[in-house]
């Protein structure tokens, strides 16, 4: 696919709109369908499309392993941090009411933060799975080709 100009141009055109749509799903999730999981999969799909069209190594340069691991860790820390913050403010774990002076604002802030953490984690997991399986196939193919 590296030599197909139609696929390359189409992937370049679609990359940013896919991520923008993922962000829309992310931040619209508390008002309608969507949320962190769906947004994480959509955003990961943009990076996976890039890797499929431009090659696995280009995808790994776009999101290196350390950045992927940082995404995973930050997502889990944000999710857990919101829960611990609720406990430190004399509430229960993931009790969003205590995050602001007004309970409805606290609910809104808590849901946005938790869904953002879920989105980061899901994006990282999807990319890690793709790179693990794609690298496995690539290494397996290279080994059989040498024989």
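Laid out as a table, the results:
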{"read-out": "All positions within region 69-112 that are over 21 Å from residue 35 (Cβ atoms) and crowded, with 18+ Cβ neighbours inside 10 Å", "value": "none"}
{"read-out": "Test: residue in region 96-115 that is in contact (Cβ under 8 Å) with a residue 40 or more places away in the chain and in contact with a helix residue (DSSP H, G or I) (Cβ under 6 Å, 6 or more places away or on another chain)", "value": "yes"}
{"read-out": "Residue that is surrounded by the most Cβ atoms within 10 Å (Cβ to Cβ), among those in region 16-45 that are in contact with a helix residue (DSSP H, G or I) (Cβ under 6 Å, 6 or more places away or on another chain) and farther than 15 Å from residue 123 by Cα", "value": "29"}
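The numbers here are math on the coordinates, done by the rules we state, and not lab data. As the structure is a prediction and not an experimental result, all values here were calculated from the model. In this analysis, Cβ positions are derived from the backbone assuming ideal geometry, glycine residues included, and neighbour counts consider all displayed protein chains.
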